[in-house]
Amino acid sequence: MSGRFDNILTFKRLAERLWPILVWVAVWALAAALLGQPVLLPSPGETVVRLSQLVVTGEFWASIACSLGHIALGFLLACLLGIGLASLSYMSAPVRRLLAPVVGAIKAAPVASFIILVLVWVPSRDLSLVISFLMGFPIMYTNILQALLATDAGMLEMALVFRLSTAKRIRSIYLSQVLPSFEAACSLALGFCWKAGIAAEVIGLPDHTIGDHLHDAKIYLDTPSLFAWTLAVIVLSIIIEKAVRALIARAVAYVEAHA
């Protein structure tokens with residue numbers, strides 16, 4: 001009886017998540033049928049058929065791997081440097097003031113300007129890596145720094161009274177304070193890195209990348225392929241974000257269990 005009740009609850013949650021998607025897919029299908037011009041707006045069916053044709057090719061997965069590898073590396077560098085510089089800024093007010101204009105400029109500058117400027121300095125194959133790093137770094141730096149600055153002063157004083165080692169203070173106080181902000185920053189930065197990285201590929205046109213295929217589809221008016229690649233980008237973004245969230249959730253649980 002309990003298992004059946006759990007199945008009903010699972011189905012209900014799934015239905016609550018799926019019905020908005022189904023409504024918008026129906027709107028898309030209706031709009032495509034009324035327009036009647038696949039070059040301007042292919043139907044959901046045409047998009048799925050084209051995507052199913054792409055996923056069985058080696059070129060599709062090679063392009064996914066190339067784009068994902070560069071963007072993931074840029075995101076990882078943004079995390080590492082963001083955490084490192086945020087920690088340094090937390091310990092040193094002069095460093096914080098020194099970095100503030102740079103971080104502010106990166107946050108304020110348009111992505112297209114960065115893409116064009118960076119393309120002058122680096123090869124097109126490395127463009128998505130640099131752009132994803134530049135988009136992710138300010139988010140990671142700002143969120144981690146704010147979390148560190150908001151650390152409970154009372155807990156820090158208590159750690160000094162009980163003469164806790166630096167390692168224990170980091171594990172018991174700082175990590176528990178920073179990890180929730182890190183999770184939120186990762187979720188936000190991943191989306192920015194992924195979208196900006198693909199946009200950089202569309203402009204830089206490195207071979208065998210998602211952006212290269214999007215550009216080709218647009219040039220040849222192959223709108224079903226354009227929609228299919230876009231759908232692949234969206235699905236990949238959701239999968240990556242859920243995977244990263246799961247890893248961080250495990251890290252948070254581990255820290256809480258061993259604090």
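The values are calculated or read from the model by the stated rules, or taken from the named source; none is laboratory data. Bear in mind the structure is a predicted one, so any value in this text is a computation, not a measurement. Every residue, glycine among them, receives a Cβ derived from its backbone with ideal geometry; neighbour counts consider all protein chains shown.
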Discussion item. Condition (residue is assigned to a loop (DSSP other than H, G, I, E, B) and either modelled with pLDDT of 90 or more or not hydrophobic (A, V, I, L, M, F, W, C) (or both)) applied to the stretch 52-61: is it met by at least one residue?
Written reply: yes
Discussion item. Can you find, within the stretch 201-259, the residue that is surrounded by the fewest Cβ atoms within 10 Å (Cβ to Cβ) among those that are among the aromatic types (Phe, Trp, Tyr) and at pLDDT 85 or above?
Written reply: 220
Worksheet item: Out of the residues in the stretch 184-200 that are within 14 Å of residue 137 (Cα to Cα) and surrounded by fewer than 18 Cβ atoms within 10 Å (Cβ to Cβ), which is farthest from the chain's Cα centre (by Cα)?
Response: 184
Worksheet item: If you go through the stretch 185-212, how many residues are assigned to a helix (DSSP H, G or I), of a type outside the set (Val, Ile, Thr), touching an Asp or Glu at 6+ places or on another chain (Cβ under 8 Å) and farther than 29 Å from residue 249 by Cα?
Response: 3
Worksheet item: Is the stretch 25-41 home to any residue that is outside the structural domain of residue 186 (by TED's automatic domain parsing) and within 22 Å of residue 241 (Cβ to Cβ)?
Response: yes
